[in-house]
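One structure below.
The values are calculated or read from the model by the stated rules, or taken from the named source; none is laboratory data. Note that the structure is a prediction, hence the values are computed from the model and not measured. Using ideal geometry, Cβ is built from the backbone for each residue, glycine included, and neighbour counts are taken over all protein chains shown. We work out accessible area using only protein heavy atoms, side chains counted, and drop any ligands, DNA or RNA first. Shrake-Rupley method; radii C 1.70, N 1.55, O 1.52, S 1.80 Å.
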Amino acid sequence: MTSYVSKHIHYRTAFNFIEQCHSAPAPTFEGKSVLLGLKNLSIVYEISSLLMLNELIKKCFTVETIEQSYRSYSKEKVFGGVRIERPYGEVNNYFLYRSDVYDIEMLYEPKIYPYSALSKAGDLVDTSDTRPHKIYGEHHFCPDFIIKINSKRWRKAITLVLDAKYKDAATIKRYDIDELTKQYLLNIHQVNENGRLGVSPIQLLLLLFAHDRSGTIVRTVAPRHCLTGTLPVLPQACAVLLKPSNMLLLDQQFRALVEIMGREYI
């Protein structure tokens, strides 16, 4: 805290609140202790979204869970991480689903690094114009969820990026959707079989939010071009309400996506 900040009570108070937020521990999901607070509620909403996504994927795609495990991520490891024993207090962050038609992977908080000598076909890479940080190292993206969907009925697989926000629609529209579209929809690409980068497989950015006081959906295209519209387009970004008492909108997005892919890529 600088001398200027310490002399002004409003700056000092704000600084202390920010410091408390950053130093607050994440909630533990072991035993009966779950700490609450704004930062922790955001993490709880992420975990709740993970559970709801798990159920919706199985329901909408009629798949079974083949694997759920914990992956460790770092720049030196392969994309998708390395399977290790789940640390105490953590949740599984890798899920594999399968049926006669679909192979689906869901990754929770994967780390996506820039292209390197370790990058191989199928890896997602960060193509943003950023530089390494002196303290935090190589820049990387860490969306809440990556879902890769491969269908025997489609000519190509697709990838979805989802981010859970403990916010409302107005806040998402004002602060989040444009910036995350630039980051995730425009600046995550995939290494192809030739070891190069080309057309991105990411066709959809979905932001999930918890509060419905200012609406239940945020669009970046005209209503008729949304997934559930009469003339849907891909790629696109949107945000929908998701909470345990209302999973309908996300269910509709998934089912509309299946219909679009089946119609355009059979």
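So the values come out like this:
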item: Contour excess over end-to-end distance, with Cα ends at LEU197 and LYS156 and 0.36 nm allotted per residue; result: 13.2 nm
item: Accessible area per residue in Å² at 1.4 Å probe, computed on the stretch 115-179; result: 59
item: Relative contact order (%) - criterion: Cα under 8 Å, at least six apart; region: the stretch 121-266; result: 24
item: Added length on full extension, which subtracts the Cα-Cα distance from 0.36 nm per residue, LYS59 to ARG83; result: 6.0 nm
item: Potential lengthening between VAL101 and GLU179 on full extension [0.36 nm per residue; Cα-Cα distance subtracted]; result: 24.6 nm
item: Cα shape, the stretch 152-224, gyration tensor, a/c 1.5 rule; result: prolate
item: SER245-ARG219 FRET efficiency (beta carbon distance; Förster radius 25 Å; 0.05 resolution); result: 0.65
item: Global geometry of the stretch 122-266, whether rounded, prolate or oblate, following the gyration tensor of its Cα atoms and the 1.5 cut on a/c; result: oblate
item: Segments 250-261, 75-86 sorted - mean Cβ within 10 Å per residue, highest first; result: 250-261, 75-86
item: Cα shape, the stretch 128-186, gyration tensor, a/c 1.5 rule; result: oblate
